[in-house]
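Beneath this line is the structure, given in structure tokens, with notes to follow.
The values are calculated or read from the model by the stated rules, or taken from the named source; none is laboratory data. Being a predicted model, the structure only gives us computed values, none of them experimental. No Cβ is skipped: glycine too gets one built from the backbone with ideal geometry, and neighbour counts run over all protein chains shown.
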Amino acid sequence: MSGWRYKKGNPEYERYIHSADWRMKADQRMKMDGHACQVCGKEASDVHHLTYDRFGHEEMGDLVSLCRKCHEKAEELYDPSIIPWAMDEVKPEGNNFMAAMRTDAVTVAPLVFNYLREARGGGFDDLMRLRQPDDPEGKKYWSVLKRAVDALCRKRYSRNCVEDRTDMMLGTIANRVAAICLQQIEHSIRNSIQSKLHETVMVDYAIFEKWKDVAADLGVTNGTLQTLRKDDGSSFGPSLRESVLYYCGLDAAAGIRPLEGFACLTDEDYRQLGALADYMVSVSGTGRFRGVSAYA
């Protein structure tokens, strides 16, 4: 049954969406989400279907709370007349799913990132909040971003992908968005460091170790400063280079070349990542997408 039956104006859809059963489910989902939009974090006003597979008999995992603006963005990403589905293209050869996954990762991910930057802010602190873990152990980085990608894009793939492939699509898009975020984070850090080094007398810094002056300029507390000075690499999660290599490596494993311009990556890093991406394309098939999006 096509998901396009379930939209405003369709009598079956309208009857259910205005029913007491739907209101009860929507209220339960809102309560579970703390009445917060799962994309931008502001107050939620709508409950969005992530899939229509169980329309009328939804489980809580089929729904998500969103504000009106984020709900409209999720519906826009779902609408093939606005953003065509790679899965709907005719692909006479190769592994059709892998080709479609690469295509959407390099076309949909930038759209998602630009929207998240608009909805949540694009400053350094805003990007870092997308990266921060929210699990009790503090180990699952990018969980905030992944929830937002899921809320915006899951319905896009639930229409024409089985569940495990939907998860692969969403994971690949989330990885690509993470790589774009890291590119912006690295740029912010580089600019900040360059600016502060010009403001601090280099000789005095080298001779007298003016850590406190630099920390004050950067807004770093004394406690954090002490931790930084003795950090063995575990206190703040992976280093920037490790994170960039990891997420660019995930892109490459899907056949997607790394984003250009990372200062923390060497020419050899780029060569190896590019070679892996090329190899994955050669073994997984390209369908109609060769030379179109897989290398963007």
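There is at least one residue in region 84-99 that is of a type in the set (S, T, N, Q) and surrounded by 14 or more Cβ atoms within 10 Å (Cβ to Cβ).
Condition check ((1) part of a loop (DSSP other than H, G, I, E, B); (2) under 18 Å from residue 51 (Cβ atoms); (3) not assigned by TED's automatic domain parsing to the domain that holds residue 259) across all residues:
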site: 119; (1), (2), (3): no, no, no
site: 125; (1), (2), (3): no, no, no
site: 133; (1), (2), (3): yes, no, no
site: 151; (1), (2), (3): no, yes, no
site: 156; (1), (2), (3): no, yes, no
site: 168; (1), (2), (3): no, yes, no
site: 171; (1), (2), (3): no, yes, no
site: 174; (1), (2), (3): no, yes, no
site: 179; (1), (2), (3): no, no, no
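A search for C-beta distances below 9 Å between a residue of region 16-29 that is assigned by TED's automatic domain parsing to the domain that holds residue 65 and exposed (fewer than 12 other Cβ atoms within 10 Å of the Cβ) and any residue that is of a type in the set (Gly, Ala, Ser) and modelled with pLDDT under 95, counting only pairs 6+ apart in sequence or on different chains, returns 21/56.
Based on this model, can you work out whether residue 68 counts as at pLDDT below 90 and outside the structural domain of residue 160 (by TED's automatic domain parsing)? No; evaluated as a whole, the condition is false for this residue. Looking at region 46-65, which of the residues that are among the charged types (D, E, K, R) and either outside the structural domain of residue 32 (by TED's automatic domain parsing) or in a loop (DSSP other than H, G, I, E, B) (or both) is surrounded by the most Cβ atoms within 10 Å (Cβ to Cβ)? So, considering only residues that are among the charged types (D, E, K, R) and either outside the structural domain of residue 32 (by TED's automatic domain parsing) or in a loop (DSSP other than H, G, I, E, B) (or both), the one surrounded by the most Cβ atoms within 10 Å (Cβ to Cβ) is 58.
Against the definition (out of contact with any Phe, Trp or Tyr (no Cβ under 6 Å at 6 or more places or on another chain), modelled with pLDDT under 95 and among the small types (Gly, Ala, Ser)), how does residue 9 come out, yes or no? In short, yes. Inspect region 88-96 for any residue being assigned by TED's automatic domain parsing to the domain that holds residue 117, touching a Cys at 6+ places or on another chain (Cβ under 8 Å) and at pLDDT below 95 and give the result as yes or no. No, region 88-96 contains no residue that is assigned by TED's automatic domain parsing to the domain that holds residue 117, touching a Cys at 6+ places or on another chain (Cβ under 8 Å) and at pLDDT below 95.
Scanning region 164-214 for residues that are of a type outside the set (D, E, K, R) and modelled with pLDDT of 90 or more yields a total of 17. For residue 296, are the conditions met, namely being modelled with pLDDT of 85 or more and either closer than 25 Å to residue 168 by Cβ or of a type in the set (D, E, K, R) (or both)? So residue 296 fails the test.
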